[in-house]
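Here the structure is laid out as structure tokens; the discussion comes afterwards.
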Amino acid sequence: MKIRVSYWACQISGWGTYTALGMVLAAKAVGWRPSVMAGYGLFFLYSIALTDLLRRDMRRREWIAGSAARRFLYITAAAAVVGSIQTFLVLTINLAFERHASMLQQPLSIVSVWISVTSADWVWALFYLVLTFRRRAQEREVRFELALKEAELRALEAQINPHFLFNSLNSIRGLIAEDPAQAQDMITRLANLLRYNLHRDMEHTVPLASEVEVVSDYLALESVRFEERLRIALAVEQDAAMVGVPPMLLQTLVENALKHGIARLPAGGDLSIAARLEADTLVLEVANSGQLAEASGGKSTVGLKNASERLRLIYGGRASLRLANRDPQHVAATVLIPRTI
């Protein structure tokens, strides 16, 4: 829409300026006669119409493709044809308004008109081709960047799956010999998680409520392993649950809290998940017992790096992930996500 408005603005201003100059020069020669103003008014209208038809033909025949010599030949021939039509219309309208063939008796005037309008058409066609070429180059660059962004995002999503699968299978392996029934239940829950993971492959965001549901399955799996050492608190506001988040984001935060926090504490600890809306921003926090120095030695895990990169690719600089000590007993991963992409 913006391009169309710019195009018509250029058409009107360009041919308007050319017509106004011609009208002033003609008025100086023969005076401000109604026939002069009417003739130039019609010239303004059919010049816009003819060059717009030329534009449509340029787009249909893909004049921008091919060599520079081919494009030069095309616009020169087209300018000559359009200029000839304009010259014919100028002569016809002049004859209709003046009731005599004054211009027909002056061949040099006819040639002068043809050269003038053909030159204007040639400049118009060249200007249009240059702008179209630049716009298409910019569009190709944007498409390339979007394709690269899509590829990066898919690669980061793919990196999460093996990481998550490895930890889940580790938990199941520990129960196979001790409690086959529970191991079977864990496999069922793992199948639910994998099914969720497969169904969301074509989406870059899902409602937070879906993430909470799948994380509940994950925590049920981990509760078997941690037993009384894992205490869970969940506080997700209803409005916050409807906000879109990257798939497996919450899973990554919870997994990080368990692996690098609670799992390292002999007595276990607390894990809390909270989500709320502040204005148009979702505030998602996963907190766990422990301290950052104990949990990760001050280094970000692969999962959190991937989560941060996915946020950057989807939301640009409008989303963030921060890991810090919340108080002397807890570490919190806080994610800020805009309500809309």
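Here are the numbers for the structure shown:
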{"read-out": "SER116 versus ALA191: modelled label distance in nm, points set 7 Å from Cα along the beta carbon direction", "value": "8.5 nm"}
{"read-out": "Listed peptides 171-182, 73-84 by packing density, highest first (mean Cβ within 10 Å)", "value": "73-84, 171-182"}
{"read-out": "Of THR281, ALA240, VAL224, farthest towards positive along the dipole that unit charges on Lys, Arg, Asp, Glu beta carbons give the range 179-338", "value": "THR281"}
{"read-out": "Distance (nanometres) between label positions extended 7 Å along Cα→Cβ at THR205 and SER84", "value": "5.8 nm"}
{"read-out": "Cα-based equivalent ellipsoid of the range 179-338: semi-axis lengths in Å, sorted from largest, via gyration tensor", "value": "24, 21, 14"}
{"read-out": "For ILE232, residues with placed amide H under 5 Å, excluding near neighbours", "value": "LEU271"}
{"read-out": "Residue-count net charge about LEU53 - beta-carbon cut-off 12 Å; Lys, Arg +1, Asp, Glu -1", "value": "+1"}
{"read-out": "Rounded Å value of the spacing that divides the Cα centres of the range 263-278 and the range 1-38", "value": "72 Å"}
{"read-out": "Karplus 3J(HN,Hα) series, Hz, for the range 19-33 with 6.51 cos²θ - 1.76 cosθ + 1.60 (x for Gly, Pro)", "value": "5, 5, 5, x, 5, 4, 5, 5, 5, 5, 7, 10, x, 7, 8"}
{"read-out": "Among 19-26, 130-137, 116-123, the order from most to least packed when residues are scored by Cβ within 10 Å on average", "value": "116-123, 19-26, 130-137"}
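Read-outs throughout are calculated quantities, based only on the coordinates presented, and are distinct from any laboratory measurement. This one's a predicted model, so the numbers in the text were calculated from it and none came from an experiment. Note that we place each Cβ from the backbone using ideal geometry, even for glycine, and neighbour counts take in every protein chain shown.
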